[in-house]
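The values are calculated or read from the model by the stated rules, or taken from the named source; none is laboratory data. The shown structure was predicted, so the numbers you read here are calculated from the model rather than taken from an experiment. Don't worry about glycine lacking a Cβ; one is built from the backbone with ideal geometry, like all the others, and counts go over all protein chains shown. These area figures cover heavy atoms from the full protein model, side chains too; ligands, DNA and RNA do not enter into them. Shrake-Rupley method; radii C 1.70, N 1.55, O 1.52, S 1.80 Å.
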Amino acid sequence: AAAGRLLVVPADGSHWLSMKEVADVLSQKGHEVVVVAPEVSLHIKPSKNFVMKMYSVPYTEEEMERDF
């Protein structure tokens with residue numbers, strides 16, 4: 001993060017909820033933050049504060065919610 005660029009690959013759930021706040025603050029302080037996440041997740045959603053790169057997964061949102 002000292003160079004001003006940060007790549008974040010979060011796990012869904014409480015891990016992300018804590019990390020999102022850090023990513024938001026770093027972005028607001030001028031760091032370039034890129035979040036890499038699955039296209040289907042429970043909590044990881046796009047934000048105006050960072051760039052979101054999504055990758056495809058072999059399940060739908062309905063399947064994920066059913067399994068949880």
Original post:
Summing -39500 (n - 2.57) over the DSSP H runs of n ≥ 4 in the chain and dividing by its residue number, what mean residue ellipticity at 222 nm do you reach, to the nearest 500 deg cm²/dmol?
Top reply: -10000 deg cm²/dmol
Original post:
Tally Lys/Arg at +1 and Asp/Glu at -1 over every other residue whose Cβ is under 12 Å from the Cβ of V34; what's the total?
Top reply: +1
Original post:
At a probe size of 1.4 Å, how large is the accessible area of S41, to the nearest 10 Å²?
Top reply: 10
**OP:** From largest accessible area down, sort M19, M54, M64; use a 1.4 Å probe on the protein chains.
**Re:** M54, M19, M64
Subject >> the chain: radius of gyration and largest Cα-Cα distance (Dmax), Å >> reply: 12.9, 42
